[in-house]
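The values are calculated or read from the model by the stated rules, or taken from the named source; none is laboratory data. Bear in mind that the values here come from a model prediction, so they are computed numbers and not experimental data. Here the Cβ positions follow ideal geometry from the backbone for every residue, glycine too, while neighbour counts run over all protein chains shown. We work out accessible area using only protein heavy atoms, side chains counted, and drop any ligands, DNA or RNA first. Shrake-Rupley method; radii C 1.70, N 1.55, O 1.52, S 1.80 Å.
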Amino acid sequence: MTPRERVLAALNFATPDRVPRCAWISSWANIHMPDDVRAFQQRWATDFAGVPSPYRPSSCQKGDMHAVGTYVDEWGCVFENIQAGVIGEVKAPTVPDLAAWRTTMRPPWETLPSDRAAARRQVDEAHASTDGFVMASCCPRPWERYQFLRGTADAMADLAESPDEAAAMIAELHRFYLAEFEFWATTAVDGMMFMDDWGAQKGLLISPRMWRRFFKPLYRDYCRIAHDAGKKAFMHSDGDITAILPDLVEVGVDALNSQLGCMDLAEVTKAAKGKLTFWGEIDRQHVLPTGAAAVYAEVRQIAEALYDPRGGIIAQFEWGGACRADSANAVFEAWDEVGAVAV
């Protein structure tokens, strides 16, 4: 199979020739472990590909998001970073007063392609040049963006104390993200991703009831746009999101990147096995920092609970600051062994 065929087979439960591979290699790893990263990339072929961004420059974006110092993103959010290779944190909210969000929040409409036909050609030509599974270069993140704009503590309070005003601001965020997603749906890309980190170490950051009121409809929209265009819908969310797994299946998420190590695999299996594809991951907190033996044990545990030779698994991990080189290699070694045993 080509890489694109392999990923689609996994997503469609159509028996890929092996478990597809996907490695997220951070700027930290490229800066601090370049030789290890280079050797890894020479050994392992990824099944995923990207395309050049067709977005226009932002008038407010300044700095390097992965460099020490201050970085201002396209929404005007200011990140303070103390470590090279890791994006910093927003210390001062861009929208300090919820009542004034209409005048202080400025979605980056200027960055969207002005000549959509030309932008589409650029993306489609890049898609035609690779046999990898191509992901769109956008990622709606309404909850995280709301936190960047308001600050996490105030964002939490808004949902409880000013729900109507919070919903209005979220709707405007969503309007921008819909425009992004609708553009990408007209291109030849294979997958479209959105994200929000919803889980704490145990349980959601907000109640499932509140999540379903404010955010579930947004994710349903993203999945609908992707599916109407024949694309696959990918989602990332950190933490323990067991409570909303059935909801993510319901709205149409095709592939979910989540911290399986934070959840009870039996509950995950019950809620979602065979209903979506588990797009990683291997535990970044305890396993990847420990070494190859721990990785092999983790993969075996996940495979016992979730593996199906027909599909439903993408071997994915993130090479961040705590990941060892032997751990990175062991992820794909272990998943290849799982597939070989199944055959």
If the cut-off is a Cα-Cα distance under 14 Å, which aspartates and glutamates reach residue 275, setting aside same-chain residues fewer than 8 apart in sequence?
-> 247, 250, 254, 267, 308
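Would you mind telling me the share, in percent, of accessible area of segment 1-143 contributed by carbon and sulfur at probe 1.4 angstrom? Intermediate results must be reported in sequence, preceding the final value.
Details: 3830 of 7340 Å².
Here carbon and sulfur together make up 52 percent of the probe-accessible area.
State, as an integer percentage, the relative contact order of segment 133-240 based on alpha-carbon contacts under 8 Å between residues 6 or more apart. Numbers along the way, then the final one.
Numbers: 130 pairs, mean separation 39.4, N = 108.
Relative contact order of segment 133-240: 37 percent.
Counting each DSSP H run of 4 or more residues in the chain as -39500 (n - 2.57), what helix-only mean residue ellipticity at 222 nm follows after dividing by all residues, to the nearest 500 deg cm²/dmol?
On the way: 14 runs with 152 residues, N = 343.
About -13500 deg cm²/dmol.
Compute, for the chain, the length of the dipole vector about the Cα centre, with Cβ point charges of +1 (Lys, Arg) and -1 (Asp, Glu) only. Units Debye, rounded to 20. Could you put the intermediate results ahead of the total?
Numbers: 34 positive and 47 negative charges, 104 e Å.
That gives the chain a dipole magnitude of about 500 debye.
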Inter-label distance, nm, simple model (7 Å from Cα along the C-beta direction), residue 116/residue 171 | 2.3
Using θ = phi - 60° and the Karplus form 6.51 cos²θ - 1.76 cosθ + 1.60, what ³J(HN,Hα) does each residue of segment 82-99 get, whole Hz, x for Gly and Pro?
-> 10, 9, 4, x, 10, 5, x, 10, 7, 9, 10, x, 6, 10, x, 10, 4, 4
Antiparallel DSSP bridges in the chain: what percent, to the nearest 5?
-> 25
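Could you give the length gained by full extension between residue 80 and residue 266, i.e. 0.36 nm per residue of separation minus their alpha carbon distance, to one decimal place?
Details: separation 186, 0.36 × 186 = 66.96 nm, distance 3.95 nm.
That pair, residue 80 and residue 266, stretches by 63.0 nm at full extension.
Once R0 is set to 35 Å, what does the formula 1/(1 + (r/R0)^6) return for the Cβ-Cβ distance between residue 293 and residue 5, expressed as a FRET efficiency to the nearest 0.05?
Numbers: r = 33 Å, r/R0 = 0.95.
Using R0 = 35 Å, I get an efficiency of 0.60.
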In the chain, helical segments from DSSP H whose Cα atoms cover 24 Å or more along their own axis and that average at least 0.0 on the Kyte-Doolittle scale are 163-185, 325-342
Return the aspartates and glutamates within reach of residue 91: Cα separation strictly under 13 angstrom, same-chain partners fewer than 8 residues apart disregarded; answer none if there are no such residues.
-> 80, 154
From the Cα centre of segment 229-266 to that of segment 1-21, the distance in Å is 19
Would you mind classifying segment 115-243 by shape? Square roots of the alpha carbon gyration tensor eigenvalues, ordered a ≥ b ≥ c; an a/c under 1.5 is rounded, otherwise it is prolate if a/b is larger than b/c and oblate if not.
-> prolate
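Would you mind working out the accessible area per residue for the chain, using a 1.4 Å probe, and quoting it in Å²?
Ligands and nucleic acids excluded, the result is 42 Å² per residue.
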Using a probe of 1.4 angstrom, how much of the accessible area of segment 279-322 is carbon and sulfur, in percent?
-> 51
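For an R0 of 25 angstrom, estimate the FRET efficiency from the Cβ-Cβ distance between residue 15 and residue 45 and round to the nearest 0.05.
That gives a FRET efficiency of 0.80.
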Work from the charge dipole of segment 1-106 (Cβ charges, +1 for Lys and Arg, -1 for Asp and Glu, about the Cα centre) and give the residue of 20, 88, 58 farthest towards its positive end.
-> 20
Order of 8-19, 264-275, 314-325 by packing, highest average Cβ count within 10 Å first?
-> 314-325, 8-19, 264-275
Among 339, 118, 142 - extreme Cα towards positive end, dipole of the chain, charges at beta-carbon = 118
Alpha carbon centroid spacing (whole Å) that separates segment 284-343 from segment 53-111 = 35
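With charges set only on the Cβ (+1 for Lys and Arg, -1 for Asp and Glu), what does the dipole of segment 246-327 come to about its Cα centre, in debye to the nearest 20? Each step should come with its number before you reach the end.
On the way: 7 positive and 12 negative charges, 34 e Å.
Here the size comes out at about 160 debye.
Ignoring any ligand, DNA or RNA, what whole percent of the accessible area of segment 152-219 comes from carbon and sulfur when the probe is 1.4 angstrom? Could you put the intermediate results ahead of the total?
Numbers: 1440 of 2630 Å².
That fraction is 55 percent.
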If you place +1 on the Cβ of every Lys and Arg and -1 on the Cβ of every Asp and Glu, how big does the dipole about the Cα centre of segment 298-343 come out, in debye to the nearest 20?
-> 60
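Within segment 273-302, which chymotrypsin sites (Phe, Trp or Tyr not before Pro) sit in a loop by DSSP and count at most 15 neighbouring Cβ atoms inside 10 Å? Can you show the working numbers first?
On the way: sites: 278, 279, 296; in loops: none.
In loop regions of segment 273-302 (DSSP not H, G, I, E or B), there are no sparsely surrounded chymotrypsin sites (Phe, Trp or Tyr not before Pro).
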